[in-house]
Amino acid sequence: MTLARVRAEIETWGTIIFVDASSSTINESAIQSSIDKVRDFLYEVDEVFSTYKDQSQVSRLRRGEIKIVDCTPDLQEVWQLCHEAKLLTDGYFDPWCVEGGFDPSGYVKGWASDRAISMMKTDGVEHIQINSAGDLSLAGGHEPGKPWSIGIRHPEDAQTIVKVFEIADGAIATSGTYERGSHIKDPHTGLIAIGARSATVYGPNGGVADALATALIVAGKDGAYLFQKPELSEYHCWVIERHSDEAWAI
Amino acid sequence: MGAKRFLLIAGGTVGGLGAVLSITPPQFGSASGGTLGGNTLSGASAATTAPAPAQTQAAPAPAATTAATPAPAATKKSTKKSTKSTTTATTPAAPATTAPAAPAKAAVSGTFTGATQQTRFGPVQVQITVSNGKITAAKALQYPNNDFRSQSISQQAIPYLVQETIAAQSANIQGVGGASYTSQGWYDSLVSALAKAGM
């Protein structure tokens, strides 16, 4: 069985999203047109959710110009899911406790990648990787019977892979002081988060994995208990402590 | 993920240089697995497609971390320009205890240069050094540097790409989390370098 495989880059959200898609049932041009649909969807997500676009619905919501009930169904859905994630993380992830008001950026990447994956699956794509700047949603493994092997780079050393995860289906999200200093605030204290230096979370849902990774940056080891919640039984984490190179995992 | 991360990753955008994902030519024996940054990667190497028996014992393949500087052995061999003809030369007189049956293909060594790929930021060209069928070094012969912005992005992205290329085959990984840059240009040039290496 041969796999038709297409790799593509989609430039949006202020980054480049890498898509690796293959299938044994549809050909390359069919995969490409599925990716084109995903591209349109991701552009649309950017238009609605970007906090860097003055006229996005999220920006207008933040300024109080519109109310959540006036927003697109997608934004209302994300609003609701953010609320659930806030409860699941006992408030360690709180998109309402952000300077400037509601900011779903910490959830929406994973959410949109998951959505993109289900769109592509519907089109007959079987093996999918969507990598948006280091947060990945995955489906169907790399090829039949083989999971995706995903390396996580060291938080301060871009050239070093510190850990490899093998995941067939699901999402893996990393939060931390990548790219610049800590930019996550502790919702409980309003101070800069001092929990983990880097937190990688994997599990079935991209948005939840995103939110949990952020929560662990805030909570550090104190957040370990979250993973005992039955709703989070399928989630795992791998965390590097802030003041040492110690790593712990659940 | 972090609230503001969308913007700052713009670095990756501008450069358009990035992750070489899915480098999995079947010949890559990643049996040596190795450790990177002191953490184990061996879990992943189990996933190798081809058993690649000979090359494991041929010589201790340099760990991927040290490989950034081309292993001397690899450079020496590259002058021979022998792709796959001289098995004995490449695999030092393999006593072949564990793998008496020679693999169908001799392990490749040498330096291989990929085709120049045009990206919207400028040309990208990759050169790889291969030792006993494993990439031990990768470098950009050409990369976008026509303005300050491209330069700084390239400086940031290329070391990453180099390491990712090496890590991807040694650990057999198909994606990188934690922050990632993507470049079809790098990937395409790499593919043509691999083709020249017969890998």
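Within 10 Å of each Cβ in peptide A:134-140, how many partner chain Cβ atoms are there on average? Round it to a whole number, please. Don't jump to the answer; show the numbers that get you there.
Numbers: counts 12, 6, 7, 0, 2, 0, 0.
What the average comes to for A:134-140 is 4.
When Cβ neighbours within 10 Å are restricted to other protein chains, what is their mean count per residue of peptide A:116-128?
The mean count of partner-chain Cβ atoms within 10 Å per residue comes to 0.
Could you state the orientation-averaged shadow area of the convex hull built on the Cα atoms of the stretch A:93-173, in nm² to one decimal? Before the final figure, lay out each step's value.
On the way: hull surface 26.7 nm².
Average projection, Cα convex hull of the stretch A:93-173: 6.7 nm².
Work out the FRET efficiency for A:Lys229 and A:Asp54 from their Cβ-Cβ distance, taking R0 = 60 Å, and round it to the nearest 0.05.
0.95
Would you mind counting up the charge near A:Gly141? Only other residues with Cβ under 11 Å from its Cβ, with Lys and Arg at +1 and Asp and Glu at -1.
Overall, the nearby charge balance is -3.
Would you please give the residues with an amide H less than 5 Å from that of A:Ile16, counting only those at least 5 places away or on a separate chain, with H modeled from the backbone geometry?
Long-range HN contacts for A:Ile16: A:Ala133, B:Thr13.
Ranked highest first by the average count of other Cβ atoms within 10 Å around their residues, in what order do A:61-69, A:46-54 fall?
Working: A:61-69: 12.3, A:46-54: 17.6.
Ranking the peptides A:61-69, A:46-54 by packing returns A:46-54, A:61-69.
Ignoring everything except DSSP H segments at least 4 long, calculate the 222 nm mean residue ellipticity for chain A; use -39,500 (n - 2.57) per segment, divide by total residues, nearest 500.
Helices in chain A give a 222 nm mean residue ellipticity of -10000 deg cm²/dmol.
R0 = 45 Å: FRET efficiency of B:Gln142 with A:Asp90, Cβ-based, nearest 0.05?
Computed FRET efficiency for B:Gln142 and A:Asp90: 0.30.
Per residue of A:161-170, what is the mean number of Cβ atoms on other protein chains within 10 angstrom of that residue's Cβ?
That average works out to 6.
Once the other residues with Cβ under 14 Å from the Cβ of A:His188 are scored (Lys, Arg +1; Asp, Glu -1), what is the net sum?
Around A:His188, the charge tally is -2.
Determine, for each peptide in A:24-37, A:126-139, the mean count of other beta carbons within 10 angstrom over its residues, then list the peptides with the highest first.
Working: A:24-37: 15.7, A:126-139: 27.7.
Highest to lowest by the protection proxy: A:126-139, A:24-37.
Per-residue HN-Hα couplings for the stretch A:21-28, Karplus 6.51 cos²θ - 1.76 cosθ + 1.60 at θ = phi - 60°, whole Hz, x for Gly and Pro?
With coefficients 6.51, -1.76 and 1.60, one gets 9, 8, 7, 9, 10, 10, 8, 4 Hz.
What are the extents of the Cα atoms of chain A along their three principal axes, listed from largest to smallest and rounded to whole Å?
Here the Cα extents, ordered largest to smallest, are 55, 46, 35 Å.
Given q = 0.18, 0.19 Å⁻¹, what are the Debye log10 I(q)/I(0) values for the stretch A:20-97, with equal point scatterers placed on the Cα positions and solvent ignored?
-0.82, -0.86
Mean separation of Cα pairs under 8 Å and 6+ residues apart, divided by the residue count of chain A: what relative contact order is that in percent? Don't skip to the end; give the middle numbers.
Values: 501 pairs, mean separation 39.4, N = 250.
Over chain A, the number comes to 16 percent.
Quick note: the coordinates plus some simple rules give every number you see, no bench work behind them. What you see is a predicted model; the values in this text were computed from it and never measured. Every residue, glycine among them, receives a Cβ derived from its backbone with ideal geometry; neighbour counts consider all protein chains shown.
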